[in-house]
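What follows is a single structure, written as C-alpha cells, with notes after it.
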Amino acid sequence: MKICFWGNVTGSLKGNTPGGGELQIALLAKALAKIGHEVVVLDNEITEKYQTEDGIKVYPIEGYNNGIRMIRTFTHRLPKLYASLRDQNADIYYCRIRDFRHILAYAAARKVKAKFILGLASDLDAMNFGMRFNHQYRASISSLWKFSSGILIEIIYPFLLRKADIIFAQHEGQKKILQEKNIKSIVFPNLIDLTQIPVVLNPIQDDFIYVGSLDRRKGFIEFFNLVNKAPSQRFKVVGQPRDKTGHLYFEKLKSYENVTLLGRLNHSDTLLQIANSKALISTSYMEGFPNVFIEAWACGIPVYSLYVDLGTLITKEGLGEVANGDLDKLLKSIENNKCMGKFGKNAKAYVEHHHDLNANKIEEIRGIFSNLLNNIKPLKNSGAH
C-alpha cells in the first residue's frame with residue numbers, strides 16, 4: 001500500500017516539530033512505514049529529496065517557487081502541488097491541518113481512484129462558521145493571504161468533510177459534533193512516542209507551566225490575569241509572542257518575580273520543562289487534542305484547563321480539572337493542586353493505553369488503513385478516546 005502526505009513535515013520527521021499537526025502527521029507516517037507500507041511526503045518547504053531512517057520518502061515540489069510572486073500561487077504553486085500529488089499515484093491520500101489546498105489532494109485521489117482521509121486538527125474544524133469567526137479569524141487574521149485563504153477554506157472544507165472516504169476525529173466530542181451534521185467519523189486519537197519522554201527521577205516541581213503560542217487566540221490574556229490572581233504561585237512560560245496581544249503581555253510579565261519566561265524551546269527541552277512542573281495550565285478557549293496535554297500526562301502531571309475538556313475526557317478520566325470558563329475556579333485548582341498525590345500512575349496508564357505508538361496501536365493503524373483500502377466499514381468504536 002502506498003500512502004501520500006503533504007505539508008511542512010520535514011522538521012517533525014527530524015525531531016524538531018514546527019507544530020502539533022505536523023508532529024501527528026510525522027508519527028502516523030512513521031507508524032505506516034514501520035508496518036511496511038510505502039510512505040511518501042511532499043513538502044513544499046524543501047528543495048532536496050531525501051529518505052528518513054524509517055524509510056519515508058520526502059520529496060520537494062518541483063517548480064513550486066517559480067513564477068512572479070504576486071501571481072505564482074495560481075500559475076505555479078497550486079498546479080505543481082496537484083501534479084505532484086497526482087503523479088504519486090498513491091492508494092491513500094491523508095490530509096490534516098485546516099487548508100484549502102487539501103482539495104488538490106482530494107482531486108488527485110479521485111483522479112487515480114485512491115482513498116482520501118481527512119484528519120481533524122481542532123474542534124473548530126467540526127464547528128460552524130460563527131464559532132470559527134469568533135475564536136479563530138477575528139483573533140488571528142493579519143494579512144491578505146490569511147483573509148483570502150480563510151474564505152477559500154470556508155468554501156472548500158465543508159465539501160471535504162462530506163466527501164472524504166473517512167474522517168479521523170480526535171475525540172468523542174468532535175465525533176458528536178459531526179454526527180449532528182450527519183457526517184460520519186471514527187475517533188483516531190493523537191499519537192505519542194513515549195520513548196521521547198524524559199525519565200526524571202527527582203523532578204523539581206516548583207512551578208506551573210504554560211506551553212504554546214502567546215497570543216489572544218490561545219488565551220494569553222487569561223493566563224496573565226491568572227498570574228495576577230496568584231502572586232504566591234510560581235509559573236514558567238514556554239513559547240513566544242505571536243500577535244500584538246502576546247507581545248504586550250509578554251513584556252508585562254518580564255517584571256514579575258514569580259514568572260520565568262523561557263521563550264521558544266526545542267521539543268526535548270520543552271518535555272524536560274514539563275516533567276519538572278507541578279501541572280500544565282491551559283487558558284485556550286478552543287483546541288483539538290493538544291499534544292502538550294498528552295505529553296504532560298505522559299510525564300505524570302495534571303492539566304488544569306480554563307475551558308477545554310476534550311469532549312469531557314479530562315473530567316471523565318480524571319486527568320486534571322476543568323474550570324468551565326471560571327478563572328477563580330481555575331485559581332482554586334492551582335492553589336489546592338489536589339490531583340498531584342494520586343495523579344501520576346493514572347495519567348501515565350491513560351496515555352499508554354490510548355496514545356502510545358506501541359505494537360497494539362500500530363496494529364490498530366494497520367487495520368484502519370487496510371479496511372479503508374478494501375472498502376470494509378470501520379468499527380463503530382475504534383477503541384480509543
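The values are calculated or read from the model by the stated rules, or taken from the named source; none is laboratory data. In this text, all values refer to a predicted model and were calculated from it rather than measured experimentally. When we count neighbours, we look across all protein chains shown, and the Cβ atoms used for this are built from the backbone with ideal geometry, even at glycine.
Selection within segment 355-379: residues that are surrounded by 13 or more Cβ atoms within 10 Å (Cβ to Cβ) and within 17 Å of S185 (Cβ to Cβ). The member of this set that is modelled with the lowest pLDDT is P378.
E321 meets each of the listed conditions (1) under 20 Å from the mean Cα position of the chain (by Cα); (2) surrounded by 21 or more Cβ atoms within 10 Å (Cβ to Cβ); (3) without any contact (Cβ under 8 Å) to a residue 24 or more places away in the chain apart from (1).
Are there any helices (runs of 4 or more DSSP H) wholly within segment 163-258 with 3 or more residues that are touching an Asp or Glu at 6+ places or on another chain (Cβ under 8 Å), and if so which? Before you say what the answer is, go through the steps one by one.
Working: elements: 172-179, 220-229, 244-253.
The helices (runs of 4 or more DSSP H) meeting that bar are 172-179.
Residues that are buried (at least 22 other Cβ atoms within 10 Å of the Cβ) and of a type in the set (A, V, I, L, M, F, W, C) do occur in segment 69-91, at least one of them.
Would you confirm whether or not segment 314-321 contains a residue that is of a type outside the set (V, I, T), touching a Ser or Thr at 6+ places or on another chain (Cβ under 8 Å), at pLDDT 95 or above and under 20 Å from F235 (Cα atoms)? No, segment 314-321 contains no residue that is of a type outside the set (V, I, T), touching a Ser or Thr at 6+ places or on another chain (Cβ under 8 Å), at pLDDT 95 or above and under 20 Å from F235 (Cα atoms). Every test in (1) surrounded by fewer than 20 Cβ atoms within 10 Å (Cβ to Cβ); (2) in contact with a Leu (Cβ under 9 Å, 6 or more places away or on another chain); (3) not polar (S, T, N, Q) is passed by P231 save one, and that test is (2). Condition first: without any contact (Cβ under 8 Å) to a residue 12 or more places away in the chain and either within 25 Å of D309 (Cα to Cα) or not assigned by TED's automatic domain parsing to the domain that holds P18 (or both). Can you find one or more residues in segment 281-288 that meet it? No: zero hits.
Within segment 296-305, being surrounded by 23 or more Cβ atoms within 10 Å (Cβ to Cβ) and of a type outside the set (S, T, N, Q) holds for A296, W297, A298, C299, I301, P302, V303, Y304. Every listed requirement among (1) at negative phi; (2) in contact with a strand residue (DSSP E or B) (Cβ under 9 Å, 6 or more places away or on another chain) is met by Y285 save one, (2). Evaluate the following for G173: is it surrounded by fewer than 19 Cβ atoms within 10 Å (Cβ to Cβ) and either polar (S, T, N, Q) or assigned by TED's automatic domain parsing to the domain that holds A121 (or both)? So G173 fails the test. I need the full set of residues from segment 268-284 which are surrounded by fewer than 17 Cβ atoms within 10 Å (Cβ to Cβ) and in contact with a helix residue (DSSP H, G or I) (Cβ under 8 Å, 6 or more places away or on another chain), in order please. S268, the sole residue that qualifies. Scanning segment 45-59 for residues that are over 30 Å from G367 (Cα atoms) and crowded, with 17+ Cβ neighbours inside 10 Å yields a single hit, I46.
Please work out if K181 is in the same structural domain as G119 (by TED's automatic domain parsing) and surrounded by fewer than 21 Cβ atoms within 10 Å (Cβ to Cβ). So K181 passes the test. One residue is enough: does segment 274-295 have a residue meeting the conditions polar (S, T, N, Q), under 18 Å from D206 (Cα atoms) and in contact with a Gly (Cβ under 8 Å, 6 or more places away or on another chain)? Looking through segment 274-295, at least one residue is polar (S, T, N, Q), under 18 Å from D206 (Cα atoms) and in contact with a Gly (Cβ under 8 Å, 6 or more places away or on another chain).
Within segment 192-199, can one find any residue that is buried (at least 23 other Cβ atoms within 10 Å of the Cβ) and not basic (K, R)? Spell out the reasoning first.
If we filter segment 192-199 for residues that are buried (at least 23 other Cβ atoms within 10 Å of the Cβ), which is where we start, we get 192.
Subset that is not basic (K, R): 192.
Yes, segment 192-199 contains at least one residue that is buried (at least 23 other Cβ atoms within 10 Å of the Cβ) and not basic (K, R).
Of everything in segment 31-44 that is in contact with a strand residue (DSSP E or B) (Cβ under 8 Å, 6 or more places away or on another chain) and hydrophobic (A, V, I, L, M, F, W, C), the residue that is nearest to E364 (Cα to Cα) is L32.
Scanning segment 41-90 for residues that are within 28 Å of M1 (Cα to Cα) and part of a helix (DSSP H, G or I) gives R77, L78, P79, K80, L81, Y82, A83, S84, L85, R86, D87, Q88.
Being assigned to a helix (DSSP H, G or I), farther than 10 Å from L191 by Cα and touching a Leu at 6+ places or on another chain (Cβ under 8 Å) is the filter here; which residues of segment 12-25 pass it?
The answer is S12, and nothing else.
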